[in-house]
Amino acid sequence: MMSTSRATSCLPSPQQPSRAFGLLLGLLLGLVLPLLVPPNADAHALAPLNLNAQESLSLAGRVHVIADPEHRFTPADLPTLWQMAQTRQDAPRLSYEVGRHVLLFEVINTAPDPHYVLSFLLPTLQRVELIARPLHGGTPQMHSSGRSIHAHERALPVIGHNLPLVLNPGEPYRVALFIESPQPPSINLREIEIQSLPSFNRHVLRLQIVLLLSLGALLALALHSLSLWTRVRERIYLYFAGYTLASTLLWLTQYEVLRLLWLPATNTDQLNLSANNAMVLCVLLFSREFLHLHQVAPRLGRIFDIAAIVVALLLALNPLVDYATAYHLQASAAGMALALMALGTWQSWRAGVLAARLFTLAFSLLFISASLTIVDPLLPALPTATLRLATLTSTAMGMLIMAYAVAERMHQLQGRASWAERLARTDGLTGLRNRAAFDADIAALIADERPRDLLVVFCDVDGLKRINDDLGHRRGDELLEGFARELRRGFREVDHIYRIGGDEFVLLLFVASAPDPQGWLQERLASALQNLRAAGFASADVSVGVAHLHEVDGNPADALALADSRMYHAKKSKKRADSTPARLPV
């Protein structure tokens, strides 16, 4: 199952994991640090957004942002809001606890196509209201979206919150967005874009392909792991199935696929948090089992147990606390699990657990994506939607690698079990099948009620005791080995040959294709004895008893008893007549 040797040449040295984790940390910092610099923006006298040949345009640095935590403003207050935007010095970004904000900007379309989409790449908004009014008078456009709105009543019922926008060429518009998102993570203005309709369609297609492929892979892994668990009843497969199922549910609720397909009027926020906590719980239990922590690091294994209990308690607390508190508790639990998994991987690798190497590769993908997800609500400058999409992809890839590691473990266990089973059913001296294999095969024949043309042959090697007494047991063993070798050489692969006792052998011969079974058997046994005598056993002989299944109404056990009885009578007759050739009973 595992090795605790540290001297095996194929295992990494203790210094190799440190370099691997150092490279991993460097890669993480390289990804995060460029994103920590907020975009330059001027809060005053913002020029109108000019939509020309660009297919998408970010709102970062181009909008006025007015905080409205008390919900004081409505669309009727837009003139006042525009006046406030031109006089107040509000930072053009949304705060950490998003609450409610009003975004104001002007836009003019200089491209020929009037059809655009205001795309919110994040699916976490509670409610979004859009009011687009022509600057020189005209009918305003008004649309709503968000998690609080029935999924089928949205303007564009696709993944994410997206609002159609018709901008006539050459005409300036004033656009207002009332955004409600009382829970983290925060919204980065770079994740709000005005996209041309073709660009938006491509974006949605890419998102849906990645989402469906990733979710399909996760669901397939979950079902496969469950099927393995039902067969072998090992907890590791149950934990992995729970991990993948919870991950699937997490992303189904995160991108509101459940609402779009089955539960359009249901708020799935609490379900999303519960799935996240369940995923953390299952990955802790899975990692503990997979890395053999109770064997290689018992103290760390107990810490994993305590952490799993804590996460289970958090899972029970989810419905009892507000969303923001539950979110922060869940993020803390995920960070704790991540640290424990890193430490567990390190300990198992150092102890020589071969599975830890593949686990490290899978964990690296999960580590990068999970780390960025954890720091996402803490660093508003991070491109949240892009990171979440990358997180989904890397999660699926990490789980595929982890599933491969689980499959390798299953293959090794099956190989060891198969080897142990072969060892338990093989005679150690001759290499033939032993009594346990014979009993199992007879039981299988009895359970199979189909008629078979089968001969049961009972053979007893004569004179083995005399050879053991006169020449030693080693010479007697050589006689048995030689007889077994001649039986294997003289009969077909379809025939089953067993050594069931000291000098007793049984053959199950499928003789449907033999024109003369008795003569066919006599010829092969005679050839075996001739070769055995030529090999130095001049007095070698064998007593034989034969029974056919049709003599005993097809019962293999009765055929064996009949063949045994005939062999015994043949041996007694041979002793009385003092004859050497073996005779088959008629």
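Over the Cα atoms of the range 435-575, compute the convex hull volume and normalise it per residue, giving Å³. If you can, show how the numbers build up before the last one.
Working: hull volume 15.3 nm³, N = 141.
Enclosed volume per residue, from the Cα hull, is 108 Å³.
3J(HN,Hα) couplings calculated from phi for the range 114-119 with the Karplus curve 6.51 cos²θ - 1.76 cosθ + 1.60 (θ = phi - 60°) are, in sequence order, x, 8, 9, 9, 8, 9 Hz; Gly and Pro show x. Extension gain, H71 to A424, is 119.5 nm, computed as 0.36 nm per intervening residue step minus the present C-alpha separation.
Between amide H atoms placed 1.01 Å from N, distances below 5 Å from D462 occur with D541, V542, S543, all of them 5 or more places distant or on a separate chain.
Quick check: pseudo-label points 7 Å beyond the Cα along Cα→Cβ at S56 and R492, how many nm apart are they? Rounded to a tenth, the inter-label distance reads 6.8 nm. Label-to-label distance, L317 versus D477, with points set 7 angstrom from Cα along the beta-carbon direction: 6.7 nm. Of the peptides 296-305, 74-83, 500-509, the ranking by mean beta-carbon count within 10 Å, highest at the top, reads 500-509, 296-305, 74-83.
Given the peptides 422-433, 337-348, arrange them by the average over their residues of other C-beta atoms within 10 Å, most packed first. Walk me through the intermediate numbers first.
On the way: 422-433: 15.2, 337-348: 20.5.
Per-residue mean Cβ counts within 10 Å order the peptides as 337-348, 422-433.
Phi angles across the range 199-215 convert, under the Karplus curve 6.51 cos²θ - 1.76 cosθ + 1.60 with θ = phi - 60°, into 3J(HN,Hα) values of 5, 4, 4, 5, 4, 5, 4, 4, 4, 5, 5, 4, 5, 5, 5, 5, 5 Hz, Gly and Pro given as x. One chain, two ends: W520 and A47. Fully extended at 0.36 nm per residue, the span grows by 160.1 nm beyond their Cα-Cα distance. 3J(HN,Hα) along the range 537-544, derived from phi through the Karplus expression 6.51 cos²θ - 1.76 cosθ + 1.60 where θ = phi - 60°, amounts to 10, 5, 9, 4, 8, 8, 9, 10 Hz, with x in place of Gly and Pro.
Taking all protein chains as shown and a probe of 1.4 angstrom, E180 keeps an accessible surface of around 40 Å².
Stretch H294-A447 to full length: gain in nm at 0.36 nm per residue minus the Cα-Cα span? Spell out each step's value before the answer.
Numbers: separation 153, 0.36 × 153 = 55.08 nm, distance 4.26 nm.
Full-extension gain reported as 50.8 nm.
The values are calculated or read from the model by the stated rules, or taken from the named source; none is laboratory data. The shown structure was predicted, so the numbers you read here are calculated from the model rather than taken from an experiment. Glycine also receives a Cβ, built like all others from the backbone with ideal geometry; neighbour counts cover every protein chain displayed. For accessibility, only protein heavy atoms count, side chains too; no ligands or nucleic acids. Shrake-Rupley method; radii C 1.70, N 1.55, O 1.52, S 1.80 Å.
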